[in-house]
Amino acid sequence: QVQLVESGGGLVQAGGSLRLSCAASGRTFSGYVMGWFRQAPGKEREFVGACGWSSGRTYYADSVKGRFTMSRDTAKSTVYLQMNSLKPEDTAVYYCAAQYGSTFYGVATRYDYWGQGTQVTVSS
């Protein structure tokens with residue numbers, strides 16, 4: 001059974017940093033793209049970034065480009081989202097997701113597996 005477990009969320013002041021982790025288990029993820037999404041109260045789930053499990057290639061939403069960085073440690077079966085220069089508008093529940101295939105999609109419906117989410121709150 002595939003499990004994606006996020007951790008690392010919390011409360012941080014504007015301008016600060018957080019690193020989210022997503023521990024993936026239950027299958028081999030080579031051939032998958034790992035994504036991060038976020039959802040603020042009253043808003044739709046929003047694409048943040050994606051990373052090829054095997055290739056390590058990354059792709060980001062314009063809203064986080066230059067501030068957020070995805071990486072993965074295949075030995076630990078973990079994906080990371082390093083978030084710097086955080087803004088109050090980054091406040092949301094952040095979700096890890098996995099999508100089979102090599103094409104990077106920024107659409108939530110393309111992803112096959114989801115974690116339970118971790119709350120990130122950025123105070124002004």
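Quick notes
- At R0 = 22 Å, FRET efficiency that the Cβ-Cβ distance of Ser77 and Gln116 yields, to 0.05: 0.80
- Dipole-positive endmost among Ser123, Thr74, Tyr111 within the chain (Cβ charges, Cα centre): Thr74
- Charge context of Phe104, other residues only, Cβ under 13 angstrom, K/R +1, D/E -1: +2
- Shape box of the chain [Cα atoms, principal axes, largest first, Å]: 40, 26, 26
- Taking all protein chains into account, the per residue accessible area for the chain stands at 51 Å² (1.4 Å probe).
- For the stretch 12-59, average projected area of the Cα convex hull in nm²: 4.9
- Among the cysteines of the chain, those with no neighbouring cysteine Cβ under 4.7 Å are Cys51.
- Heavy-atom accessible area for Asp73, with the other protein chains in place and a 1.4 Å probe, reaches approximately 50 Å².
- If the segment from Ser63 to Ser123 were pulled out straight at 0.36 nm per residue, it would be longer than the present Cα-Cα gap by 19.8 nm.
- Put a dot 7 Å past the Cα of Thr28, heading toward its Cβ, do the same for Thr109, and the two dots end up 3.2 nm apart.
- Carbon plus sulfur fraction of accessible area for the stretch 21-62, probe 1.4 Å, in percent: 44
The values are calculated or read from the model by the stated rules, or taken from the named source; none is laboratory data. The model shown is predicted, which means the values in this text are computed figures rather than measured ones. In this analysis, Cβ positions are derived from the backbone assuming ideal geometry, glycine residues included, and neighbour counts consider all displayed protein chains. Surface areas here come from the heavy atoms of the whole protein model, side chains and all, with no ligands, DNA or RNA. Shrake-Rupley method; radii C 1.70, N 1.55, O 1.52, S 1.80 Å.
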